[in-house]
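Q: Please find one structure pasted underneath; my questions will follow.
The values are calculated or read from the model by the stated rules, or taken from the named source; none is laboratory data. Values in this document were obtained by computation on a predicted structure and should not be read as measured data. Cβ placement follows ideal geometry from the backbone for every residue including glycine, while neighbour counts extend to all protein chains displayed.
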Amino acid sequence: MDSPLNSLGLQIKEHWEKYRPQMVRELDHAGALDEAAKTAEDLTVAAYDQAIRAGLAPGPGVGTCAGGVGVSPRRGGPAEPR
């Protein structure tokens, strides 16, 4: 089956695999990983669009934290213990 994710969704999954491996395992085991990543992708795009409409100029730092995911580990909560 092809992934319904675009490049942002794939970046979100990569970010989660690095910083939230336990969550990834749980979502994958439940068969919900791609759906959760797609939801995060959609919410990130909506927040980005809302910020642009509110006057925030696109560029570095807008939607580029955490490797393009939109939330840095520091602002999005702590990474899981290693």
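Q: Looking at segment 1-11, which of the residues that are in contact with a Lys or Arg (Cβ under 9 Å, 6 or more places away or on another chain) and surrounded by 14 or more Cβ atoms within 10 Å (Cβ to Cβ) is modelled with the lowest pLDDT?
A: Among those residues, the one meeting the criterion is 5.
Q: Is it the case, given these coordinates, that residue 40 is at pLDDT 65 or above, within 22 Å of residue 17 (Cα to Cα), out of contact with any Cys (no Cβ under 7 Å at 6 or more places or on another chain) and surrounded by 13 or more Cβ atoms within 10 Å (Cβ to Cβ)?
A: Yes.
Yes/no per residue for (1) more than 24 Å from residue 4 (Cβ to Cβ); (2) modelled with pLDDT of 95 or more:
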site	(1), (2)
29	no, yes
36	no, yes
46	no, no
56	yes, no
60	yes, no
